1. Which is crowded, with 21+ Cβ neighbours inside 10 Å, farther than 29 Å from V209 by Cα and either free of Cβ contacts under 8 Å to residues at least 12 places away in the same chain or more than 9 Å from the ligand (Cβ to nearest atom) (or both), of L78, L103, L5?
2. Mind telling me which of the residues D167, D182, D158, D139 ends up being without any contact (Cβ under 8 Å) to a residue 24 or more places away in the chain and either open to solvent by less than 70 Å² (accessible area, probe 1.4 Å) or of a type outside the set (A, V, I, L, M) (or both)?
3. Pick from P136, P189: which is closer than 30 Å to A105 by Cα, within 12 Å of the ligand (Cβ to nearest atom) and assigned to a loop (DSSP other than H, G, I, E, B)?
4. Condition test on P104, is it within 14 Å of Y39 (Cβ to Cβ) and modelled with pLDDT of 90 or more?
5. Looking at E126, is it away from the ligand (no atom under 12 Å from the Cβ) and either part of a helix (DSSP H, G or I) or under 18 Å from G11 (Cβ atoms) (or both)?
6. Out of A118, A146, I need the residue that is closer than 26 Å to A63 by Cα, under 17 Å from the mean Cα position of the chain (by Cα), away from the ligand (no atom under 12 Å from the Cβ) and not acidic (D, E). Which one?
Amino acid sequence: MSKRLIIAIDGPAGAGKSTIARRLADRVGAVYIDTGAMYRAIALWAIRSAIPTDDSHRLEVLAQNAHIQFSKGHDRILLNGEDVSDFIRSPEVAGAASEVAALPAVRRVMVTLQREMAQRSSIVMEGRDIGSVVFPNADIKIYLDASAEIRARRRADDLTHQNVPFDLTSLTRQIEERDFRDRNRAASPLIQALDATYLDSSNLSAEEVENEILKIIRAKTSNGKELVH
Ligand code: DC
């Protein structure tokens, strides 16, 4: 690959970001980075350490001390050497992640780490503030959305798949609360960057969304033919 590409995918929970970001990363030979997993890892450590999710000072220190790594395939996340990929998927950790992510001090630490991760290779990074804050000059910015109902159903399917127990009514409520917090916090709220392309995945298959984004990548990169086969 001749030029390093930064592809930013933002959007609310359950919009399909992870599935699409993984597929794109495979397709263009980039590294996939799930920034939500990083906030979830911090939240998990906070819960385990009994630190309240609004204790900004202690959580800043915890974030600074957290050793976060993605494993080779970038599908597993290690916190201080422990594979916590399964633990971070519970609804409890999801809620705490959204609270911890509202703290500017924690975000500063995570954003620095996220920028470092893009220094060596092309990346497809997904989150809430990638196109707006982490990489305002990203080559490609996608804002991926879907209806609230579809997003709740997708999260339910994910949890069923991971054998995590849940109740659909409270899952839907939790997603709504989390969305509200993520969109309305003062620090780097979830917004569509002005130059991002909006895609609604409600009625599209993963393959259709992937193809739409590949078209955008081809159109925006001068050497797109080399990058996207
Ligand atoms: O994408 P996710 O559901 O795994 O993210 C968990 C929480 O982390 C989500 O509620 C919002 C927060 N988050 C964030 O604030 N900024 C990011 N770049 C990624 C996630």
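1. L103
2. Working: D182 fails: without any contact (Cβ under 8 Å) to a residue 24 or more places away in the chain; D158 fails: without any contact (Cβ under 8 Å) to a residue 24 or more places away in the chain; D139 fails: without any contact (Cβ under 8 Å) to a residue 24 or more places away in the chain.
Exactly one of D167, D182, D158, D139 is without any contact (Cβ under 8 Å) to a residue 24 or more places away in the chain and either open to solvent by less than 70 Å² (accessible area, probe 1.4 Å) or of a type outside the set (A, V, I, L, M) (or both), namely D167.
3. On the way: P136 fails: within 12 Å of the ligand (Cβ to nearest atom).
Step by step, each of P136, P189 is checked, and only P189 is closer than 30 Å to A105 by Cα, within 12 Å of the ligand (Cβ to nearest atom) and assigned to a loop (DSSP other than H, G, I, E, B).
4. Details: within 14 Å of Y39 (Cβ to Cβ): yes; modelled with pLDDT of 90 or more: yes.
Yes: the conditions hold for P104.
5. Working: away from the ligand (no atom under 12 Å from the Cβ): no; either part of a helix (DSSP H, G or I) or under 18 Å from G11 (Cβ atoms) (or both): yes.
Taking the combined requirement at face value, the residue does not satisfy it.
6. Details: A146 fails: closer than 26 Å to A63 by Cα.
When all the criteria are applied, what remains is A118.
This table checks each residue for (1) in contact with a helix residue (DSSP H, G or I) (Cβ under 9 Å, 6 or more places away or on another chain); (2) within 16 Å of the ligand (Cβ to nearest atom).
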residue: R22; (1), (2): no, yes
residue: G29; (1), (2): yes, no
residue: Y32; (1), (2): yes, yes
residue: G36; (1), (2): yes, yes
residue: A46; (1), (2): yes, yes
residue: A63; (1), (2): yes, yes
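The values are calculated or read from the model by the stated rules, or taken from the named source; none is laboratory data. This is a predicted model, so every value here is computed, not measured. Here the Cβ is made from the backbone with ideal geometry for all residues, glycine too, and neighbour counts use every protein chain on show. These accessible areas exclude ligands, DNA and RNA; they are computed on the full protein's heavy atoms, side chains included. Shrake-Rupley method; radii C 1.70, N 1.55, O 1.52, S 1.80 Å.
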